[in-house]
């Protein structure tokens, strides 16, 4: 079961990152081109929200069943600190920013403000997630 969850977490990450990147790029393009905010733009952002939340839920499960998650909390070795403290904490902040961006857009009326909100909050979430991916572990496990 652990191996399935580990591979699901690694595999779903590709989808979640792709959806988030598409949402950020779509928002920046919409903002710079000053076009109207359509239902497809909302759906792109919603799919990114769902993808990242699903990844986070899988991550919570793996955090408690993985030998490199909660079990290593307090270990000050850099790789252990990354997987047991930095990765989950920063990703929690990133998911919170993405969720705030989704919530804020619903209260906005004009298209420019909606695109700007998504570009900022989803963009910050994407940067935070990318900053704390354990790249060496990720590439070692997926190869």
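A short reminder: the numbers here are calculations on the coordinates, not readings from a lab. Bear in mind that the values here come from a model prediction, so they are computed numbers and not experimental data. So basically every Cβ, Gly included, is an ideal-geometry build from the backbone, and we count neighbours across all protein chains shown.
Among rounded, prolate and oblate, which fits the range 16-104 when a ≥ b ≥ c are the square roots of the eigenvalues of its C-alpha gyration tensor, a/c under 1.5 means rounded, and a/b larger than b/c means prolate? Display every interim value, and only then the final one.
Numbers: a/c = 3.49, a/b = 2.68, b/c = 1.30.
Taking the square roots of the gyration eigenvalues as a ≥ b ≥ c, the range 16-104 is prolate.
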Calculated from DSSP H runs of 4 or more alone, at -39500 (n - 2.57) each and per residue, what is the 222 nm mean residue ellipticity of the chain, nearest 500? -27000 deg cm²/dmol
Simple spin-label estimate for residue 22 and residue 89 in nanometres, 7 Å along Cα-Cβ: 3.4 nm
Computed over the range 2-142, the relative contact order (Cα-Cα under 8 Å, seq sep at least six) in percent reads 32 percent
The helix 87-107 Cα axis meets the longest alpha-carbon principal axis of the chain at an angle in degrees, between 0 and 90 and rounded to 10, of 20 degrees
Length released on extending from residue 54 to residue 38, taking residue separation times 0.36 nm less the Cα-Cα span: 3.3 nm
Projected onto their principal axes, the Cα atoms of the range 54-143 stretch, largest extent first, over whole-Å spans of 48, 23, 23
